[in-house]
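*Asks:* After the structure tokens below, expect a handful of questions from me.
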2 protein chains.
Amino acid sequence: MITISLNSPIPLHDQLVQEIRRLLADGTLKVGDELPPVRQLANDLGINLNTVARAYRELTDCGLLATSRGRGTVVLSTIEKTTEKPAEEKKRIETTLSSALADAKIAGLNRKEIELLVLRQLNKLWGVS
Amino acid sequence: MITISLNSPIPLHDQLVQEIRRLLADGTLKVGDELPPVRQLANDLGINLNTVARAYRELTDCGLLATSRGRGTVVLSTIEKTTEKPAEEKKRIETTLSSALADAKIAGLNRKEIELLVLRQLNKLWGVS
DNA sequence: GACAAAGTATCATAGTATGATACACTGCGA
DNA sequence: TCGCAGTGTATCATACTATGATACTTTGTC
């Protein structure tokens with residue numbers, strides 16, 4: 001369900017946050033769902049439990065998860081309020097997207113394949129099955 | 001032309017590499033084009049010249065740029081051969097794309113807006129004006 | 001030759017990601 | 001009521017590495 005890359009320049013806990021936010025955005029995780037215990041997820045991914053705990057904490061801090069000692073971690077909300085200024089945010093989004101698409105082209109995917117990938121993900125995000 | 005974010009989790013030199021590869025992929029930079037001197041680009045972006053130099057060197061190492069002391073840095077090739085195994089690479093591409101799209105949704109863009117952004121970038125990448 | 005402009009090398013520093021380990025809270029069953 | 005297993009949390013050490021200040025080397029031009 002969650003995958004990370006050990007040789008990405010992006011720190012592990014950031015990758016985790018990204019992944020979980022993605023699962024929240026596309027509806028895979030719903031309010032009330034339990035997340036795996038830090039030890040289990042850490043073990044599954046082959047990383048340290050602190051790294052997972054850190055990701056959980058960051059998401060807790062921005063109100064998406066609720067964690068409590070001894071009980072576990074659950075989804076509190078799937079909606080997040082953005083803090084960035086719209087202008088910067090828009091640029092950031094565009095840059096990220098453009099990079100991802102360019103990367104796909106560099107990897108040898110042709111236009112049709114990329115369009116298919118995008119379409120599939122958009123459908124998932126907007127709940128079309 | 002090149003933009004980076006100082007508070008991204010992605011290291012500056014990696015962002016630079018990403019950006020330049022994007023410019024190579026979409027045709028903004030062509031074979032033979034000169035890149036800005038490290039000092040100038042560093043100054044424009046408000047970062048250290050070593051960081052720029054590092055990005056140039058990485059791109060030189062994989063055969064995309066040619067640098068020589070005293071003369072500068074030029075585009076040597078716009079085609080890169082991938083080194084990853086196809087399976088892993090495909091997953092990486094998908095993950096990156098999915099993240100970027102989810103991020104866009106989280107930021108409040110609606111489906112149409114995202115589709116437009118994607119279309120525009122694809123057109124740029126495949127040379128449609 | 002002198003000089004300006006390009007990339008390169010060296011070194012220091014601070015930040016931080018990661019991990020090993022021990023702690024504290026919760027709930028359940030004997 | 002006690003213990004125990006299963007949670008997340010806190011602490012600390014370590015190693016890495018991104019970044020930057022500075023000095024060096026090469027190239028071309030006047």
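*Asks:* Just to be sure I follow the definition: excluding the sites themselves, where is the longest run in chain B that has none of the trypsin sites (Lys or Arg not before Pro) in a DSSP loop with at most 16 other Cβ atoms within 10 Å?
*Replies:* Looking at chain B, B:82-129 is the longest stretch - no exposed trypsin sites (Lys or Arg not before Pro) with at most 16 other Cβ atoms within 10 Å.
*Asks:* What relative contact order, as a whole-number percentage, does segment A:12-75 give when Cα pairs under 8 Å and 6 or more residues apart are counted?
*Replies:* That works out to 38 percent.
*Asks:* Tell me the carbon and sulfur percent of the accessible area for the protein assembly as shown, rounded to whole percent, probe radius 1.4 Å.
*Replies:* 52 percent
*Asks:* I want to verify the translational diffusion coefficient of the protein assembly as shown in µm²/s; compute it with Stokes-Einstein, Rh as the Kirkwood radius over Cα pairs, at 4 °C and 1.567 mPa s.
*Replies:* 65 µm²/s
*Asks:* So what's the projected area for segment B:86-125, the Cα convex hull averaged over all directions, in nm²?
*Replies:* Projected area, direction-averaged: 3.1 nm².
*Asks:* Quick one: buried accessible area between A and B, total over both chains, 1.4 angstrom probe, nearest 100 Å²?
*Replies:* 4100 Å²
*Asks:* Please work out the average accessible area per residue across segment B:3-126, using the 1.4 Å probe convention, and give it in Å².
*Replies:* 56 Å²
*Asks:* Could you give the longest part of chain B that holds none of the GluC sites (Glu not before Pro) found in DSSP loops with at most 16 neighbouring Cβ atoms within 10 Å?
*Replies:* B:1-79
*Asks:* Tally Lys/Arg at +1 and Asp/Glu at -1 over every other residue whose Cβ is under 12 Å from the Cβ of A:Asp14; what's the total?
*Replies:* Local net charge: 0.
*Asks:* Another question, if that's okay. So which aspartates and glutamates can B:Lys105 reach, going by Cα to Cα under 17 Å and dropping same-chain residues fewer than 8 places off?
*Replies:* A:Glu19, A:Asp26, A:Glu80, A:Glu84, A:Glu88, A:Glu89, A:Glu94, B:Glu94, B:Glu113, B:Glu115
*Asks:* Counting only other residues whose beta carbon sits under 13 Å from that of B:Pro37, what net charge do I get with K and R as +1, D and E as -1?
*Replies:* Within the 13 Å Cβ shell, the charges total +1.
*Asks:* Next question. Ignoring everything except DSSP H segments at least 4 long, calculate the 222 nm mean residue ellipticity for the protein assembly as shown; use -39,500 (n - 2.57) per segment, divide by total residues, nearest 500.
*Replies:* For the protein assembly as shown, the value works out to -18000 deg cm²/dmol.
*Asks:* Using only Cα atoms, what is the ratio of the radius of gyration of segment A:1-103 to 2.2 N^0.38 Å?
*Replies:* Normalised by 2.2 N^0.38 Å, the Cα Rg of segment A:1-103 equals 1.14.
*Asks:* How many Cβ atoms of partner chains, on average, are near each residue of B:22-30 if near means within 10 Å of its Cβ?
*Replies:* Average neighbour count from other chains, rounded to a whole number: 3.
The values are calculated or read from the model by the stated rules, or taken from the named source; none is laboratory data. Note that the coordinates shown come from a computational prediction; the quantities given were computed from them, not determined experimentally. So basically every Cβ, Gly included, is an ideal-geometry build from the backbone, and we count neighbours across all protein chains shown. Ligands, DNA and RNA are excluded from the accessible area calculation, which covers all protein heavy atoms including side chains. Shrake-Rupley method; radii C 1.70, N 1.55, O 1.52, S 1.80 Å.
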